[in-house]
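Here is the structure we will look at, set down as structure tokens.
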Amino acid sequence: VGGPESPGVVTVASRLGGFMRSGGVAVPLVTALVAFVAGGLVVLATGSNPLSTYKAIFEGTGLNWLLPWTSSDDRIIAAQNLQQTLLLTTPLILVGLAVAVAFRAGLFNIGGQGQYIVGSIAAVTVASQIHGLPGGVLMVLAILAAMAAGAAWGALAGWLRARTGANEVISTIMLNYCALWFGVYLFGLGGPLQNGEQRSVPVSDTIADGARLPVFWGEAELQGLHVGIFLALLAAGACWLLLNRSVAGYEIKAVGYNPEAAEYGGIKAGRQQVRAMAICGLLAGMGGAMDLLGWQFKLATNDIQTSQVGFYGIAVALLGRNTALGTVVAALLFGALLNGTSQRNLDPSVFEPALASNLTLIIQGLIVLLVSAPVIATWLLGLRRRLVRAT
Amino acid sequence: VSARHRAYAAYALAAVALYLVLPPITVRTPIPSILLSAGAVVAGVGATRRGERRLGWAGVGFGVVAAVLAVVFTRSGVGNLERVFVWSALAAAMLRYATPLLFAALGGVISERAGVVNIGLEGMMLAGAFFGAWGADIGGGWVAGLVIGAVAGGVFAAVHAFFAVTLKADHIVSGMAINFLALGVTGYLFVKIYGDQGTPDGLPQVPDVHLPVGWIPFLGDAVEQLNLLVWLALALCGLVAVYLFRTALGLRHRSVGENPLAADTAGISVTRTRYTAVIVSGMLAALGGAFLSIGFVHSFNQGMTAGRGFIALAAVIFGRWNPGGALAAALLFGFSSALAQRLPEFSPPTATLFQALPYLLTLIAVAGLVGRSRPPAADGIPYERH
């Protein structure tokens, strides 16, 4: 037996089965809606108009670019906003997948943040410290290094779980903090990889120009949209294949639903847990590389300490029902929300951005809360039954 | 000599090896310590050979760490060592850092002994930190702060209980939701109420207790002046231990966590017990948070608990779901924080790395000892009445 799983253990995946299986798209949609309405009530209770707040947030997302009635002047600004939204969506897809795959293996990966950080650290180190390579090669090397670093970080939690039974929730949270302080140490004042020219700024060296991910929409100088979004979508496709069309995915899911039965069927549960966590780390680490090579280009210790992207991955995955496609859609929602509430895009005369970013956290918490129990699904089911009876 | 005794001998040898090179003895050559560490490694290997694999390997690990640290310490100046290793100050700081952990860990013990995993401790702690500061501010005193903070923690805990007990949600997912919610709600209210200014400077503080024990060597310096809440946490630790293991109510409480069906059959309300336990646990965690904001750092910052709730949860596991064990674990984590805090006097970049020490230690503790400790049988499993 791989790990000291107690007999008859019920995993997170099996317990969330109700949410995962029932109700199609309706349940996540209503879940998000309820969370937004509740968030609106918070806005209302604190003396602001929720409708104009949400409208301002929506306009900041750039999603109005998709609306046919947006005027051509607005469209220019909307395009820039949409580029930023998709820029934020890219890592969210990847960290969301990192949580989703773990969920399928019956594990709750809260370590997306740490795996993302080690990915960024690996990417910036490779792309700024290795000289004399063609830009494209360096870029690929940096991405691969980030994926490897993330995978190692994730696999460590999986291995601890399989080998010693250490709860992955606690171990991944602790690994998050270890990654954070390791990064702050590396690039902080006097740290071994701190910027060689600016000795008083806690930041890494800037990556080689050639290693940047190419921008395909908007101006590169204005932080246009880089090709990372396609790599993220590709990763989502690969996850779909993995989970739905591969033996490895079958084994991971089998362990997720019932580790004991999987063991009985000849699947080594522990090995699958390590494998699943390695895949998760790989995805989240890749997310770190996308941000770093796409628009950050260097890593400040402050970025490491304030980044929350990995935690949003949890809500993204849960709202997306831990499927690849659902994760992509939920990532877009959260990318839009984060961009719409940012300092840069939200009009402070309508609603203060510092408040709005906390509103995003509240909405995120409500979504996770509503997903934790099949409340919405049960409610919708009852509603449908009543409607059917009435007609 | 049994395998276990060999492992304990390894720990002792490693400890002595470290003790020699630190003040007040401060041996300036690493050789005796290295010899002792080698002895620790031999004893550890002996323990693994005789069946105590986990304890034995831990002994080997301690031996190696002690040898490395002995070399590091003997190479650094005596002055530096004496500045960092002021034992009485370290002990006082350890108690201060351990206090919020102890409050939350006691909450965790109470909740998990009733069968509800409370990973929302972090959020409830944060709620206590914010509402404690706010309550002290508007209520005009630290008592109001503690009461309002505890109530806020209880409210968040009640939400967790509603989802985990009544709706039979997954405890871990629901608890994580509480953490996000608390982060958002406290951040939102903090920005709304205090804006850029932050909490006011004159925030009422929980007072320190002055004991006339300064004349006792070492111990006197450490406990002479500690916050009231430090003592409250220690007292509550004893109280919870007595309640859980020496009273009929405590027996019922534990039975709900071990075998809810049997408890239900015996006429104990599983639902009521679990609700009470979770709410009390939230209030305790909130007191720990309030200690942070109005007992320790004198202000509130967004997300200021910085994972302490999770460390407390690890302390619950490390302490094997016992209040005494939780205290020992909280002291251990508190000591590592206290040490990390004093190391900047040594070398700033390395000190940054040492900020990770409490988290690393938690990781090692959970990984190294969780296999040996058994949670309450029904911990984390929603109770379904058939």
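For this structure, a couple of remarks:
- Residue-averaged 222 nm ellipticity for chain B, from DSSP H runs of 4+ at -39500 (n - 2.57), nearest 500: -23500 deg cm²/dmol
- In chain A, helical runs assigned H by DSSP with n ≥ 4 each contribute -39500 (n - 2.57); averaged across all residues and rounded to the nearest 500, the mean residue ellipticity at 222 nm is -23000 deg cm²/dmol.
- Compactness relative to 2.2 N^0.38 Å, alpha carbon Rg of chain B: 1.05
- Values of log10 I(q)/I(0), in the order q = 0.14 Å⁻¹, for the stretch A:66-149 under a Debye, Cα-only, solvent-free model: -0.70
- Shielding by partners, peptide B:299-306 (average Cβ within 10 angstrom, other chains): 1
- Within straight-line reach of A:K55, meaning a Cα separation under 27 Å, sit the following lysines at least 8 residues removed in sequence or on another chain: B:K192.
- Extreme residue, positive dipole direction of chain B, given options B:A89, B:L101, B:A378 (C-beta unit charges): B:A378
- A simple packing score, the average count of other Cβ atoms within 10 Å per residue, orders the peptides B:73-86, B:305-318, B:327-340, B:168-181 as B:305-318, B:168-181, B:327-340, B:73-86, with the highest score first.
- Binning the alpha carbon pair distances of the stretch A:15-159 at 10 angstrom intervals from zero yields the distribution 10, 22, 27, 27, 13, 2, expressed in whole percent.
- Rg/Rh ratio calculated on Cα atoms of the stretch B:138-212 (Kirkwood radius): 1.11
- Look at the stretch B:375-383: the mean tally of other chain Cβ atoms within 10 Å of its residues' Cβ atoms is 2.
- Total charge dipole magnitude, chain B, about the Cα centre, Cβ charges on Lys, Arg, Asp, Glu only, Debye to nearest 20: 1300 debye
- Only aspartates and glutamates eight or more places from B:K168 in sequence, or on another chain, were considered; those with a Cα closer than 14 Å are B:D379, B:E384.
- Taking only the Cα atoms of the protein assembly as shown, the ratio Rg/Rh comes out at 0.96, with Rh defined as the Kirkwood radius.
- Excluding same-chain neighbours fewer than eight residues apart, the lysines reachable from A:K268 by a Cα-Cα span under 21 Å are A:K253.
- Values of log10 I(q)/I(0), in the order q = 0.10, 0.11, 0.19, 0.22 Å⁻¹, for the stretch A:283-391 under a Debye, Cα-only, solvent-free model: -0.41, -0.49, -1.11, -1.28
- Size of electric dipole in the stretch A:152-281: Cβ of Lys, Arg +1 and of Asp, Glu -1, about Cα centre, debye, nearest 20: 540 debye
- Taking amide H as placed 1.01 Å from N in the peptide plane, B:T305 has no amide H partner under 5 Å among residues 5 or more places away or on another chain.
- For the pair the stretch B:98-160 / the stretch A:99-163, the C-alpha centres are spaced 36 Å from each other.
- Averaged over peptide A:181-194, the number of partner chain Cβ atoms lying within 10 Å of each residue's Cβ comes to 4.
- Per-residue packing, averaged as other Cβ atoms within 10 Å, sorts the ranges A:211-224, B:91-104 into the order B:91-104, A:211-224, beginning with the highest.
- Contact order normalised by residue count of chain B, Cα under 8 Å, 6+ apart, percent: 25 percent
- P(r) histogram, all alpha-carbon pairs of the stretch B:99-229 included - 10 Å bins from 0, percent: 12, 34, 29, 19, 6, 1
- This model, with +1 at the C-beta of Lys and Arg and -1 at the C-beta of Asp and Glu, gives the protein assembly as shown a dipole about its Cα centre of some 2540 debye.
- Listed peptides A:103-116, A:25-38, A:77-90 appear in the order A:103-116, A:77-90, A:25-38 once ranked by packing, highest mean of other Cβ atoms within 10 Å at the front.
- Taking every C-alpha pair closer than 8 Å and separated by at least 6 residues, the mean separation divided by the residue count of the stretch A:236-279 gives a relative contact order of 25 percent.
- For chain A, the equivalent ellipsoid derived from the Cα gyration tensor has semi-axes of 32, 31, 18 Å, listed largest first.
- Against the compact-protein benchmark of 2.2 N^0.38 Å, the Cα-based radius of gyration of the stretch B:178-307 scales to 1.42.
- The 3J(HN,Hα) values that the Karplus relation (6.51, -1.76, 1.60; θ = phi - 60°) gives for the stretch A:371-377 are, in residue order, 6, 4, 10, x, 4, 5, 4 Hz. Gly and Pro appear as x.
- Inter-probe distance in nm under a simple model that places probes 7 Å from Cα toward Cβ, at A:S71 and A:R385: 5.3 nm
- Alpha-carbon centroid distance for the pair the stretch B:17-55 / the stretch A:228-301, whole angstrom: 42 Å
- For the stretch B:248-386, convex hull of alpha carbons as volume per residue, Å³: 137 Å³
- Label point 7 Å beyond Cα of B:A235 along Cβ direction - residues of the stretch B:199-225 with amide nitrogen under 14 Å: B:207-210
- Rounded to two decimals, the Cα radius of gyration of the stretch B:1-101 over 2.2 N^0.38 Å is 1.20.
- Whether the stretch A:213-295 is rounded, prolate or oblate, judged on the alpha carbon gyration tensor where a/c under 1.5 counts as rounded: prolate
- Pairs of Cα atoms nearer than 8 Å and 6+ residues apart set the relative contact order; for chain A it is 32 percent.
- The overall shape of the stretch A:92-241 is oblate: from the C-alpha gyration tensor, with semi-axes ordered a ≥ b ≥ c, the ratio a/c is 1.5 or greater and a/b is no larger than b/c.
- Under-5 Å amide H pairs with B:F300, H placed in peptide plane, nonlocal only: B:T199
Every read-out reported here was derived from the displayed coordinates using simple, explicitly stated rules and does not represent laboratory data. Note that the structure is a prediction, hence the values are computed from the model and not measured. No Cβ is skipped: glycine too gets one built from the backbone with ideal geometry, and neighbour counts run over all protein chains shown.
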